[in-house]
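Visitor: One structure, pasted below without further comment.
All of the numbers you see were taken from the coordinates with simple rules; none came from a lab. Treat the numbers as computed from the prediction; the structure is a model and nothing was measured. Cβ placement follows ideal geometry from the backbone for every residue including glycine, while neighbour counts extend to all protein chains displayed.
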Amino acid sequence: MNIVEEIRALCREKNAIIMAHYYQRPEIQDIADFVGDSLALAQQAAKTDADIIVMCGVHFMAETAKILCPDKKVLIPAPEAGCSLADSCKATDLAAWKAAHPDHMVVSYVNTSAAVKALTDVVVTSSNALKIVKQLPEDKPILFGPDQNLGGYINRMTGRQMDLWNGGCHVHARFSEEALLQLKAQYPNAKVLAHPECKQSILQHADVIGSTQALLDYAKKSVQSLPLQGESEGASFIIATESGILHEMQKACPEVHFIPVPAEGGGCNECEYMRMCTLQNLRECLFHENNEVIVDEDVARDAIRPIQRMLEMS
Ligand code: 13P
Ligand code: SF4
């Protein structure tokens, strides 16, 4: 058996499901039972009847799955896969911010630790943040964290003035506006699709702003709506998010040209944490059932409420 067959056989034997984020390596996306954005991964975890969930993503995604499925075994092939955005807000700092604003409600991005979620009123992802904030009482002041770019985008779209935590994702912070403008000049008909974790200097040039799932859906829909067969061949999209998404975009629309925006200085636009999961550590983790994600019971009890609230409001 090759490694892919071995992993699939282990999944059958153990009634395990492999879930992967769109930023994972192509071979991990291809072997997964389910590939999605952070909202879809949480929704899928909440409804799976598998005994084991193997989360090919970063740590907060596995933690969210564990909080939603306390009776299931949740494994993460690369337990050291953190997230610079989640790390930008410690629970003790959020507690102090909250204490200084006792009349505010707390809205936290899903890219946070379980301990931060436990201090939160409602969790959001990039898929539903706008929709959920619009549903919150207009007269209620809000503390939003940790992603300042997503928070700023929601403030601009809703006219609200949420107080923003000064956090961000190091991958989305480093896209180059200069390179984006050059690509736009080179491909004047290309639509720019951007993730709301990008800086405003990037978002201001975007035709579409959305989660990884929303960007993928937009690309698929616009290609399907091209009137003549063959017309999609010339279609191009400029993509401002982690470049792992290009794998699924290219699979869904093989004739289309997807162009990733480079990082400043021509650097890399990959998330090193997302790339830590490999076929090898996936097989090891599933075989030995190690790297199990454990969330403290008290923390999980408080963290599940804002996650469930999010799922209800999505
Ligand atoms: P999505 O909500 O699009 O999955 O993005 C979350 C993210 O930043 C993953 O790194
Ligand atoms: Fe975190 Fe950014 Fe990596 Fe997403 S791309 S997991 S937000 S560091």
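Visitor: Decide, for the range 42-197, between rounded, prolate and oblate: order the square roots of the alpha carbon gyration tensor eigenvalues as a ≥ b ≥ c, take rounded if a/c falls under 1.5, and otherwise choose prolate if a/b is larger than b/c, else oblate.
Guide: oblate
Visitor: Right, another one. Could you compute the FRET efficiency for residue 166 and residue 138, with r as their C-beta to C-beta distance and R0 at 25 Å, rounded to 0.05?
Guide: 0.50
Visitor: Listing 225, 176 from the residue with the fewest other Cβ atoms within 10 Å to the one with the most, what is the order?
Guide: Ascending Cβ contact count within 10 Å gives the list 225, 176.
Visitor: Only Cα pairs under 8 Å and at least 6 apart count here; give the relative contact order of the range 89-239 as a rounded whole percent.
Guide: Computed over the range 89-239, the figure is 18 percent.
Visitor: Within the range 104-180, report the GluC sites (Glu not before Pro) that DSSP leaves as loop and that have at most 16 other Cβ atoms within 10 Å.
Guide: In loop regions of the range 104-180 (DSSP not H, G, I, E or B), the sparsely surrounded GluC sites (Glu not before Pro) are 138.
Visitor: Next question. Write down the radius of gyration of the chain and its Dmax, each obtained from C-alpha positions, in Å.
Guide: For the chain, the Cα-based Rg and Dmax read 19.6, 61 Å.
Visitor: When a footprinting reagent is the concern and you count Cβ atoms within 10 Å, what order do 109, 153 take, fewest first?
Guide: Arranged by neighbour count, lowest to highest, 109, 153 become 153, 109.
Visitor: Which of the GluC sites (Glu not before Pro) found in the range 5-102 are in a DSSP loop and have at most 12 neighbouring Cβ atoms, other than their own, within 10 Å?
Guide: 80
Visitor: Now for a separate question. So, with +1 on the Cβ of K and R and -1 on the Cβ of D and E, and no other charges, what is the size of the charge dipole of the chain about its Cα centre, to the nearest 20 debye?
Guide: Once rounded to the nearest 20, the dipole reads 580 debye.
Visitor: Have a look at 75, 11, 247 and report the one farthest towards the positive end of the charge dipole of the chain, computed about the Cα centre with Cβ charges (Lys/Arg +1, Asp/Glu -1).
Guide: It is 247, whose Cα lies furthest towards the positive end.
Visitor: Continuing with the same structure: Which residue, chosen from 85, 129, 29, occupies the Cα position most advanced towards the positive end of the dipole of the chain, where the dipole is computed from +1 (Lys, Arg) and -1 (Asp, Glu) charges on Cβ about the Cα centre?
Guide: Going by the charge dipole, the pick is 129.
Visitor: Over the chain, with a Gaussian network built from C-alpha contacts below 10 Å, which listed residue (106, 123, 299) shows the highest mean-square fluctuation?
Guide: Checking each option, the largest mean-square fluctuation is seen for 299.
Visitor: Give the dimensionless ratio obtained when the Cα radius of gyration of the range 136-181 is divided by 2.2 N^0.38 Å.
Guide: That ratio works out to 1.38.
Visitor: Of the DSSP beta bridges with both residues in the chain, give the percent that are antiparallel, rounding to the nearest 5.
Guide: DSSP beta bridges in the chain are roughly 5 percent antiparallel.
Visitor: When 48, 92 are ordered from fewest to most other Cβ atoms inside 10 Å of their Cβ, what list results?
Guide: Going from least to most buried by this count: 92, 48.
Visitor: Which of the GluC sites (Glu not before Pro) found in the range 242-314 are loop residues per DSSP with 13 or fewer other Cβ atoms within 10 Å of their Cβ?
Guide: Qualifying residues, ordered by number: 255, 272.
Visitor: Let me ask something additional. For every helix of n ≥ 4 consecutive DSSP H residues, a contribution of -39,500 (n - 2.57) applies; sum these over the chain, divide by its total residues, and give [θ] at 222 nm rounded to the nearest 500 deg cm²/dmol.
Guide: Per the formula, -12500 deg cm²/dmol.
Visitor: Would you please give the FRET efficiency between residue 96 and residue 305, computed as 1/(1 + (r/R0)^6) with r the Cβ-Cβ distance and R0 = 22 Å, to the nearest 0.05?
Guide: For R0 = 22 Å, the calculated efficiency reads 0.55.
Visitor: Work out, step by step, the length gained on full extension between residue 294 and residue 34: first 0.36 nm times the residue separation, then minus their alpha carbon distance; give nm to one decimal.
Guide: Separation in residues times 0.36 nm, less the Cα-Cα distance, equals 91.4 nm.
Visitor: Based on the alpha-carbon gyration tensor of the range 162-314 and its eigenvalue square roots a ≥ b ≥ c, which shape applies: rounded if a/c is under 1.5, prolate if not and a/b is larger than b/c, or oblate?
Guide: prolate
Visitor: Relative contact order for the range 1-113: what percent, with Cα pairs under 8 Å and sequence separation of 6 or more?
Guide: Computed over the range 1-113, the figure is 21 percent.
Visitor: Please compute the contact order of the chain in relative form: average sequence separation of alpha-carbon pairs under 8 Å and at least six residues apart, divided by the residue count, as a percent.
Guide: Contact order relative to length: 23 percent.
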